[in-house]
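Taking it in order: structure first as structure tokens, then the write-up.
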Amino acid sequence: MMSKKTKTRASAQMLDGNHAAAEAVRLSRAQVIAAYPITPQSPVTEKLSEFVERGELDAQYVAVESEHSALAVCTSASMVGARVFTATSAHGLAYMHEMLHWAAGARLPVVLACVNRAMGAPWSVLNDQQDSISQRDTGWIQIYARNNQEVLDSIVQAYRIAESVYVPVMVCYDGYVLSHTEMPVDVPTQKDVDRFLPAYEPHTILDPANPRNYNLVTLANPRVNAEGVLCHGYMELRYLLQEALQNSREIIINVGQEFGELFGRSYDNMVWEHRLDDADVVMVAMGSLAMEATVAADMLREAGHKAGVLGLRVFRPFPKTDVAKALEKRRLVVVFDKNISYGSEGATCSEIKSALYGKSTGPVIRNYIVGLGGRDVKAREMADAVSKWLLSMKDGDLNQEYPEWICAI
Amino acid sequence: MGTRDCQHICDESSPAIGEAGKTGDWRDAFPSIDNEKCIPARQNKPACFLCWLYCPEAVVSKTVPIQIDMEYCKGCGICAEICPAHAITMISEESLSTTEKG
């Protein structure tokens, strides 16, 4: 995936994830930025306010009193035609919940960076993915970065995707593991990003000479408007949002491919693979956790097991076909989740089971809840968790009602 | 025929009366005006108009005599409450249809 045929004059810099996100927003020429500081997201907003203050980014930086207001500012600015950005974490994202629905329902191409952090109670500022997973059903596209280069690249691509399908995009990256860890990042030139990212064309036009109402009380049934045109009821608008997400897979892949042609780093798939070709045991994970899984897979290979990794890059729309194709003929699939749907299982595990339903050659599926509240996840622990099932898989029990946890209970 | 022809992807419309549909059918009581008591009608000149001022749906006209647009009146009864001359009475829609049937 990371081909080295770089055609452009990017500069390699040592950046942490937050700085990489801010660089991406600067290069994408965001016009309105509204955010409220929260650990571990704060450095993104600090860096962006510096860019604006120094005149390196021609944007309005709106200091707001809460995350709810931050996203309210962004949806309003997006509606009048500005390219917008906000960033948050955990409780900040939860506080945005209402406006997340609003941005998606109004079909506004807002881009939000979610620096993944655990939810209280009890308080934690450390990483897991419960915050963004809890916003799964708000109608946003969700992309998970596995390193800081992907943080930068995904945000630039997010604008192209969002402004093509008119669906907001949340780019998620793990708090501290990525947000506060420096690694080499190729920062593209402004000229190249300008070639990749055309100006935003809003579908909502606010013009005093031609006044419009947007998103007023909409009754259940379709209705004829003042011009005699039959307009959508609430349910038709919901159908269109689902349809936009269903159809966005092709756009996401095309945008990723075009990005690759210009910048030498292709993102032409919803998922990515590590040593998957001949693997009969596959570990599945999302974000930086999936990088740890690649180390675990290598350990399992050394121990003589044919192990590989399927990394989920895009969680919404969930790439059911891609996942089914990648997993249906395997012997064992072990899904690692840094989140849990309490009373059920990890959110990605449920998706994977759903994607594989009805496949005649479905693998045994096991789920592990790991790394909640910043608990370190070691590659050795992941490899051991897989080995456990390799040794005791003779019972033919494909499914397991509840997940296992890697913790000290 | 479906609704795609409107080509909207979010809810949108141009400002017009009855934007949210005909809300008069939400009503279960309607205001009945007694022009013998209503101040502008009795004085035959523009006066009072508190019902016009307080109506949250803007369906009361500022005319002599006043008119209420029953296609959009939701029957909240605020006009009847506010009327200093007690000229407006709320009558249940149910009793009307019973009377009509009777």
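Read-outs: derived from the displayed coordinates by stated rules, not from any lab. A quick note: this is a predicted structure, and the numbers were derived from the prediction, not measured. Using ideal geometry, Cβ is built from the backbone for each residue, glycine included, and neighbour counts are taken over all protein chains shown.
Find the relative contact order for chain B and round it to a whole percent, using C-alpha pairs within less than 8 Å whose residues are 6+ positions apart. Each step should come with its number before you reach the end.
Numbers: 137 pairs, mean separation 34.7, N = 102.
Computed over chain B, the figure is 34 percent.
Based only on other Cβ atoms within 10 Å, what is the fewest-to-most ordering of A:Arg160, A:Arg146, A:Arg275?
A:Arg275, A:Arg160, A:Arg146
Would you mind telling me the antiparallel percentage of the DSSP bridges in the protein assembly as shown, rounded to 5? Display every interim value, and only then the final one.
On the way: 21 of 59 bridges.
That works out to approximately 35 percent antiparallel.
Per-residue ellipticity at 222 nm for the protein assembly as shown, helices alone: DSSP H runs ≥ 4 residues times -39500 (n - 2.57), over residue total, nearest 500 deg cm²/dmol?
-10500 deg cm²/dmol, from helical runs alone.
Below 13 angstrom from the Cβ of A:Arg316, what's the summed charge of the other residues (Lys, Arg +1; Asp, Glu -1)?
Working: positive: A:Arg136, A:Arg249, A:Arg313, A:Lys320; negative: A:Asp137, A:Glu351.
That sum, taken over residues with Cβ under 13 Å, equals +2.
Pull out a ≥ b ≥ c, the square roots of the eigenvalues of the alpha-carbon gyration tensor of the stretch A:260-393, then state rounded if a/c is under 1.5, prolate if not and a/b is larger than b/c, and oblate in the remaining case.
Judged from the Cα gyration tensor, the stretch A:260-393 comes out rounded (a/c under 1.5).
Where does the longest stretch of chain A lie that holds no GluC sites (Glu not before Pro) found in a DSSP loop with 12 or fewer other Cβ atoms within 10 Å? Walk me through the numbers on the way to the answer.
Values: sites that count: A:Glu56, A:Glu65, A:Glu227, A:Glu401.
Within chain A, the longest run free of exposed GluC sites (Glu not before Pro) spans A:228-400.
Around A:Ala106, under 11 Å between beta carbons, what's the net of Lys plus Arg minus Asp minus Glu among the other residues? Please report the intermediate quantities before stating the final value.
Details: positive: A:Arg107; negative: B:Asp11, B:Glu12.
Overall, the nearby charge balance is -1.
With 24 Å as the limit, write out which pairs from A:Lys338/A:Lys378; A:Lys47/A:Lys338; B:Lys22/B:Lys45; B:Lys22/B:Lys62 have Cα-Cα distances beyond it, or answer none.
Details: A:Lys338/A:Lys378 13 Å; A:Lys47/A:Lys338 28 Å; B:Lys22/B:Lys45 31 Å; B:Lys22/B:Lys62 21 Å.
Long pairs (Cα-Cα over 24 Å): A:Lys47/A:Lys338; B:Lys22/B:Lys45.
Can you compute log10 of I(q)/I(0) for the stretch A:145-259 with the Debye formula, treating each Cα as one identical point scatterer, at q = 0.20 Å⁻¹?
-1.16
Using Cα pairs under 8 angstrom and six or more residues apart, how large is the relative contact order of chain A, in percent?
Working: 881 pairs, mean separation 66.3, N = 409.
It rounds to 16 percent for chain A.
Within a 10 angstrom radius of the beta carbon, how do A:Val165, A:Val217, A:Val110 rank from fewest other beta carbons to most? Let's see the in-between values first.
Values: A:Val165 23, A:Val217 11, A:Val110 28.
Going from least to most buried by this count: A:Val217, A:Val165, A:Val110.
Just to verify a number: FRET efficiency for B:Thr89 and A:Tyr214, C-beta to C-beta distance, R0 = 25 Å, to 0.05?
On the way: r = 39 Å, r/R0 = 1.58.
With R0 = 25 Å, the Cβ-Cβ based efficiency is 0.05.
Between the helical axis of A:67-79 and the dominant principal axis of chain A, each derived from Cα atoms, what acute angle in degrees is found, rounded to the nearest 10?
So the helix axis and the longest Cα principal axis differ by about 60 degrees.
Using Cα-Cα distances under 8 Å and only pairs 6 or more residues apart, what relative contact order does the stretch A:356-407 have, in percent?
Details: 31 pairs, mean separation 32.1, N = 52.
Normalised by residue count, the contact order of the stretch A:356-407 is 62 percent.
Taking only Cα atoms, what is the 0 to 90° angle, nearest 10, from helix A:288-302's long axis to the longest principal axis of chain A?
Around 20 degrees separate the two axes.
Using only Cα atoms, tell me the angle between helix A:148-165 and the longest principal axis of chain A; keep it within 0 to 90° and round to the nearest 10.
So the inclination is approximately 50 degrees.
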